[in-house]
1. For the structure I just gave you, tell me whether residue 18 is assigned to a helix (DSSP H, G or I) and buried (at least 22 other Cβ atoms within 10 Å of the Cβ).
2. Among the residues of region 219-241, write down those that are in a loop (DSSP other than H, G, I, E, B) and over 20 Å from residue 255 (Cβ atoms).
3. Would you be able to say whether some residue in region 286-294 is modelled with pLDDT of 95 or more, out of contact with any helix residue (DSSP H, G or I) (no Cβ under 9 Å at 6 or more places or on another chain), under 16 Å from residue 215 (Cα atoms) and surrounded by fewer than 22 Cβ atoms within 10 Å (Cβ to Cβ)?
4. Out of all the residues in region 270-285, which are free of Cβ contacts under 8 Å to residues at least 24 places away in the same chain and in contact with a strand residue (DSSP E or B) (Cβ under 8 Å, 6 or more places away or on another chain)?
5. State whether the residues of region 73-94 include one that is surrounded by fewer than 19 Cβ atoms within 10 Å (Cβ to Cβ), assigned by TED's automatic domain parsing to the domain that holds residue 133, more than 23 Å from residue 140 (Cβ to Cβ) and within 14 Å of the chain's Cα centre (by Cα).
6. Hey, does region 51-69 have a residue that's modelled with pLDDT under 95, within 18 Å of the chain's Cα centre (by Cα), over 16 Å from residue 107 (Cβ atoms) and surrounded by fewer than 18 Cβ atoms within 10 Å (Cβ to Cβ)?
7. Within region 21-36, which residues are surrounded by fewer than 21 Cβ atoms within 10 Å (Cβ to Cβ) and not in a helix (DSSP H, G or I)?
8. Cβ contacts < 7 Å: first residue farther than 18 Å from residue 277 by Cα, restricted to region 112-129; second residue in a loop (DSSP other than H, G, I, E, B), any location; separation 6+ or different chain. Result?
């Protein structure tokens with residue numbers, strides 16, 4: 001009755017969320033006296049999961065699954081859960097897993113809680129803390145079904161090493177042609193060195209930058225910080241930046257440790273999509289910009305003056321540390 005996690009990967013390498021999910025699962029497993037099993041799909045090297053407490057990996061290698069299909073992936077996870085007799089199945093809150101989780105829950109006749117931000121308070125009754133109302137509040141959800149599916153909110157638990165002895169097993173679930181009703185022809189990828197999904201720091205620009213020709217300083221600041229670059233919806237609508245960089249409630253949700261908003265006024269949809277970030281720094285020339293009301297730190301000033309000076313200071317600090 002191992003706890004099962006779906007350890008997400010991209011291009012054969014684990015996403016950071018896989019390690020957070022493993023860390024969370026290990027803590028839950030220790031509290032109820034069981035083990036952690038991960039199911040992976042077309043992942044090259046799974047050994048890294050052992051650092052975070054995973055005891056067993058079910059490795060699925062199938063060319064048909066090279067492109068994401070929610071129905072097919074959900075069926076793989078369902079069969080893995082049945083094989084391991086898992087009563088608790090954990091997924092993350094990435095774009096893919098948001099589609100997967102309810103499908104897995106329905107197929108297993110399981111209760112489902114999304115946006116989970118805390119460990120279960122007890123096993124009987126089984127209760128978890130969740131984000132609600134665009135991260136403006138919390139609720140306690142009780143799951144009464146025998147099987148439980150949880151969607152862990154990104155960056156809500158952390159990554160903790162807890163080494164284990166890992167067993168690897170090739171797993172060949174049955175995959176039907178009906179699982180591929182939608183075919184993915186192409187996937188738009190961001191041009192940044194760090195993906196938004198895996199970034200601890202995100203540097204985001206808005207219309208205050210006046211045009212795409214001024215994005216070099218955003219990219220330079222991101223490079224100095226080892227951050228991902230992002231943008232507001234109007235910027236992607238104007239084709240200044242690719243839509244893969246659009247963050248907010250109608251774009252990619254962000255739960256970074258540090259979110260830097262430069263020249264973004266702070267529309268409610270944007271704030272709702274990045275509100276899970278732990279620290280929010282806003283740089284804007286308008287002291288009345290709505291973003292300042294939710295910012296942890298704010299700089300009122302011209303981005304074309306503030307950002308270059310910030311880059312200069314950060315470079316000097318890094319040089320002094322080397």
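The values are calculated or read from the model by the stated rules, or taken from the named source; none is laboratory data. Quantities reported herein were computed from a predicted structural model and do not represent experimental measurements. Quick reminder, even Gly has a Cβ in these numbers, built from the backbone with ideal geometry, and neighbours come from all protein chains shown.
1. Criteria met by residue 18.
2. Pass one, region 219-241, residues in a loop (DSSP other than H, G, I, E, B): 226-227, 232, 238-241.
Matches in region 219-241: 238, 239, 240, 241.
3. Checked region 286-294: no residue is modelled with pLDDT of 95 or more, out of contact with any helix residue (DSSP H, G or I) (no Cβ under 9 Å at 6 or more places or on another chain), under 16 Å from residue 215 (Cα atoms) and surrounded by fewer than 22 Cβ atoms within 10 Å (Cβ to Cβ).
4. 279, 280, 281, 282
5. Looking through region 73-94, none of the residues is surrounded by fewer than 19 Cβ atoms within 10 Å (Cβ to Cβ), assigned by TED's automatic domain parsing to the domain that holds residue 133, more than 23 Å from residue 140 (Cβ to Cβ) and within 14 Å of the chain's Cα centre (by Cα).
6. Yes.
7. 33, 34, 35 - these are the residues of region 21-36 that are surrounded by fewer than 21 Cβ atoms within 10 Å (Cβ to Cβ) and not in a helix (DSSP H, G or I).
8. Correct list of pairs: 126/120; 127/120; 127/121; 128/118; 128/120.
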